[in-house]
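The values are calculated or read from the model by the stated rules, or taken from the named source; none is laboratory data. All values reported here derive from a predicted model rather than from experimental measurement. As a convention, Cβ positions derive from the backbone with ideal geometry for all residues, glycine included, and neighbour counts pool all protein chains shown.
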Amino acid sequence: MADVTDPAFRRIIAKYGKPDVLWTEFVSADGMFLGGKKAHDLLIRDLAYIEEERPIIAQMFTSDPGRMKKAAELCRKLGFDGFDINMGCPDRSIEKQVAGSALIKHPELAKELVLAAKEGAGDMPVSVKTRIGYNENQIEEWLPNLLRVEPAVVTLHARTRKEMSKVPARWDVIKRAVEIRDSLGSKTLIFGNGDVKSLNEIYKRIEETGCDGVMVGRGIFGNPWFFNENVKKEDISPKEILEVLLEHTKLYVELLGDTKSFAVMKKHFKAYVSDFDGAKELRTELMECSDYSGVEKVINNYISRL
Ligand SMILES: Cc1cc2nc3c(=O)[nH]c(=O)nc-3n(C[C@H](O)[C@H](O)[C@H](O)COP(=O)(O)O)c2cc1C
């Protein structure tokens with residue numbers, strides 16, 4: 001997730017509750033190859049990862065097959081375990097580039113992009129993250145279209161572009177997607193995505209739909225223990241939660257502080273600090289911090305009063 005699963009948060013997740021697979025934030029291939037050296041060097045930093053995060057997949061977007069191929073080549077050289085193409089982002093600025101969700105309206109280009117990525121990827125798997133349709137459920141045409149070019153995985157956010165995130169995820173469509181995949185004899189894995197809030201829910205969704213995996217987005221906000229079978233956030237003391245928040249903040253400043261706004265950390269503060277005594281007041285104090293030492297002071301002050 002853009003401005004969420006950045007290199008700092010991914011390290012924290014890998015340490016406290018590692019999932020089976022991690023994805024980077026989406027990165028613009030146009031920015032990478034057309035924006036000059038400065039943009040290239042900045043974007044490369046979004047793709048920084050450590051061994052503990054493996055298997056790690058790089059996600060990129062562009063509407064240009066040549067740059068998609070170059071992006072996949074680059075990610076192969078960087079040692080990624082897979083290359084994912086974003087065909088689901090509803091942001092207008094991305095859609096204007098005929099990338100993200102807009103590709104659902106351009107099925108031929110979508111296939112070309114997968115083939116171009118495969119050329120650049122060599123033996124690194126290429127996958128697609130998309131939605132079930134643009135204005136309406138188009139799974140019957142959109143999925144077979146993608147399966148024709150044999151991506152390793154299609155991850156389906158179970159809503160249309162029009163629905164954004166406003167309606168509950170339509171997991172019945174994921175079940176149908178698996179049926180379509182099976183009826184076509186395709187080897188592509190189908191991952192479902194949308195509204196999953198616990199590990200148990202993952203297993204339930206897999207059982208209900210027969211999908212091969214579940215991607216979790218917002219569930220990990222403030223909860224790097226999400227995928228940890230042995231720990232539940234509810235059972236962790238506020239002190240421990242706040243120590244991890246501090247560790248996360250420190251990593252963020254070390255890895256990204258010179259280029260990204262400190263404000264990015266504030267949505268993490270809100271998500272970490274909830275459901276314990278004094279959480280509301282603590283959140284308010286944290287929202288006013290503008291650097292690591294401010295956060296450290298506020299947290300240490302809170303912990304000393306526990
Ligand atoms: C802040 C934010 C950033 C996101 N960035 C990306 C992204 O870079 N690439 C992507 O494929 N999806 C992105 N998404 C969409 C999520 O991957 C996911 O499809 C969506 O949030 C629904 O799943 P969830 O209910 O588990 O969060 C983003 C979502 C949010 C809330």
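Below, the figures for the structure above:
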item	result
Options L47, L103, L113, L43; residue that is away from the ligand (no atom under 14 Å from the Cβ) and not assigned by TED's automatic domain parsing to the domain that holds E247	L113
Number of positions in segment 172-190 that are part of a loop (DSSP other than H, G, I, E, B) and within 15 Å of the ligand (Cβ to nearest atom)	0
Sole residue being of a type in the set (A, V, I, L, M, F, W, C), part of a helix (DSSP H, G or I), under 21 Å from A158 (Cβ atoms) and at pLDDT 95 or above, chosen from A71, A102, A2	A102
Every residue from segment 294-305 that is out of contact with any Lys or Arg (no Cβ under 6 Å at 6 or more places or on another chain) and surrounded by 11 or more Cβ atoms within 10 Å (Cβ to Cβ)	G294, V295, E296, K297, V298, I299, N300, N301, Y302
Some residue of segment 160-171 being more than 27 Å from K70 (Cβ to Cβ), part of a loop (DSSP other than H, G, I, E, B) and either more than 16 Å from the ligand (Cβ to nearest atom) or touching an Asp or Glu at 6+ places or on another chain (Cβ under 7 Å) (or both)	yes
Boolean, F9 is on the phi < 0 side of the Ramachandran plot, buried (at least 20 other Cβ atoms within 10 Å of the Cβ) and not in a helix (DSSP H, G or I)	no
Near pairs, Cβ below 6 angstrom, 6+ apart or cross-chain, from segment 23-42 (more than 21 Å from K129 (Cβ to Cβ) and free of Cβ contacts under 8 Å to residues at least 24 places away in the same chain) to any residue that is of a type in the set (A, V, I, L, M, F, W, C) and assigned to a helix (DSSP H, G or I)	H40/M32
Contacts under 9 angstrom Cβ, first residue in segment 194-209 being over 17 Å from L156 (Cβ atoms), partner part of a helix (DSSP H, G or I) and within 11 Å of the ligand (Cβ to nearest atom), 6 or more apart	K197/R218; K197/G219; S198/G219
Those helices (runs of 4 or more DSSP H) lying entirely in segment 191-306 with at least 3 residues more than 16 Å from the ligand (Cβ to nearest atom)	238-256, 279-287, 292-304
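Conditions tested, residue by residue: (1) hydrophobic (A, V, I, L, M, F, W, C); (2) crowded, with 21+ Cβ neighbours inside 10 Å; (3) assigned by TED's automatic domain parsing to the domain that holds A72.
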{"position": "E141", "(1), (2), (3)": "no, no, yes"}
{"position": "V149", "(1), (2), (3)": "yes, no, yes"}
{"position": "R159", "(1), (2), (3)": "no, yes, yes"}
{"position": "M164", "(1), (2), (3)": "yes, no, yes"}
{"position": "A177", "(1), (2), (3)": "yes, yes, yes"}
{"position": "K187", "(1), (2), (3)": "no, no, yes"}
{"position": "K204", "(1), (2), (3)": "no, no, yes"}
{"position": "F227", "(1), (2), (3)": "yes, no, no"}
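Per-residue answers, yes or no, for (1) within 16 Å of the ligand (Cβ to nearest atom); (2) crowded, with 17+ Cβ neighbours inside 10 Å; (3) in a loop (DSSP other than H, G, I, E, B):
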| site | (1), (2), (3) |
| --- | --- |
| I13 | yes, yes, no |
| D20 | yes, no, yes |
| E25 | yes, yes, no |
| F33 | no, yes, no |
| A39 | no, no, no |
| E52 | no, no, no |
